[in-house]
Amino acid sequence: MNDQEPRRAPAAPSLALPPARPGYAAPEALLERRTMPLPGGYPVEASIATREVRLGALSGISCSPPNPRGVLFHMHGGGFRLGSPARSQPFAATLAARLGCEVIMPAYPLAPENPFPAALLALQDALASVKTDGPLVIGGDSAGGNLAVGLCLLGAAADALFLVSPWLDLRIVSEGYDRAASTDRLFSQAMAMEARQMYLQGHSVDDPLASPLLAPLEALPDTFLLTGGVEVLLDDSLAFATRLAAAGVDVECRVVPDMQHVAPTFGPHWPGATAGLEASIQFLKRQFAQR
């Protein structure tokens, strides 16, 4: 990160968060899953410096080349209850190397210890600490994509929005959950329902900051959606892209037919991962070429 101010002025927030509230201790099985290694990964990027950073009250990692042309502020996935910047570091470093930008991944508070809206409240403060004289892109994969949209709905100063297999509707009502039940190897209706309970803990699924598919979208920046043709969240991404276009937002939605849920975050050996990564790079290069 550098000491310059963001180029884009914040949008007027259209929604507001409720106060923080207490959660409950994570089950032992969930704690064990948090320490499991991710499958595969990307090669080490020798040109990229990775360091721990402070982002308001949060910690995080920064992956950056020597002279970054902007910042990608990216939230990892994990159903609001799993994941960490350290586990996603190979993906972050790959993006930094390919784009020439700094990639910042915050360690946002996880559920069930920290239910909605704790992650968004903390991420607002974390994002306020990020300064760049180049473009600022806000991104996220899976549940991290939900949080990325939430930040923009709350008025974050983003030049673009980058979403990989985003989970945008916590009502869990799309036909994709049944249609892709046998093809999605990484996410399912049962997993979604468990994650929703831990994250919302009684809060309404109809809150647009919990289910951004239901939100007013007119103020969102240019948006890129990457989704797989075999994942349960495909229909939600397509519906979100349709609503963005109807709201006048410049949106690009790429469907990679054989791509598994968030496959590009794991490494090139996953089905559809390389095609998904290249589509993402094409969009993001255009954003960081603005400098």
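Values quoted throughout were computed directly from the atomic coordinates according to the rules given, and no laboratory measurement underlies them. Since the structure is predicted, the reported quantities are computational estimates derived from the model, not experimental observations. Note that we place each Cβ from the backbone using ideal geometry, even for glycine, and neighbour counts take in every protein chain shown.
Structure data summary
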| read-out | value |
| --- | --- |
| Most fluctuating residue given options 96, 16, 215, as computed from a GNM of the chain linking Cα atoms under 10 Å | 16 |
| Whole-angstrom gap from the stretch 45-99 to the stretch 112-154, using each part's C-alpha centre | 13 Å |
| Mean residue ellipticity (222 nm) of the chain, computed from DSSP H runs ≥ 4 via -39,500 (n - 2.57), nearest 500 | -8500 deg cm²/dmol |
| Of the DSSP H helices in the chain, those whose Cα atoms cover at least 20 Å axially and whose Kyte score averages -0.5 or more | 273-288 |
| Residue 171 paired with residue 245, simple spin-label distance in nm, labels 7 Å along Cα-to-beta-carbon | 2.1 nm |
| FRET efficiency for residue 33 and residue 128, using Cβ-Cβ distance with R0 set to 41 Å, rounded to 0.05 | 0.85 |
| Ascending count of other beta-carbon atoms within 10 Å, so fewest first, for 235, 206 | 206, 235 |
| Cα centroid of the stretch 155-170 to Cα centroid of the stretch 242-291, whole Å | 12 Å |
| Peptides ranked, highest mean first, by Cβ atoms within 10 Å: ranges 137-143, 242-248, 278-284 | 137-143, 278-284, 242-248 |
| Cβ-derived FRET efficiency at R0 41 Å, residue 182 paired with residue 54, nearest 0.05 | 0.40 |
| Taking 222, 250 and counting other C-beta atoms within 10 Å, the order from fewest to most | 250, 222 |
| Listed peptides 149-159, 51-61 by packing density, highest first (mean Cβ within 10 Å) | 149-159, 51-61 |
| Residues 104, 48, 172, sorted so that the one with the fewest Cβ neighbours within 10 Å comes first | 172, 48, 104 |
| Rel. contact order, % - alpha carbon contacts under 8 angstrom, at least six apart, the chain | 21 percent |
| At q = 0.14 Å⁻¹, base-10 log of I(q)/I(0) for the stretch 45-288 (Debye sum, equal scatterers on each alpha carbon) | -0.83 |
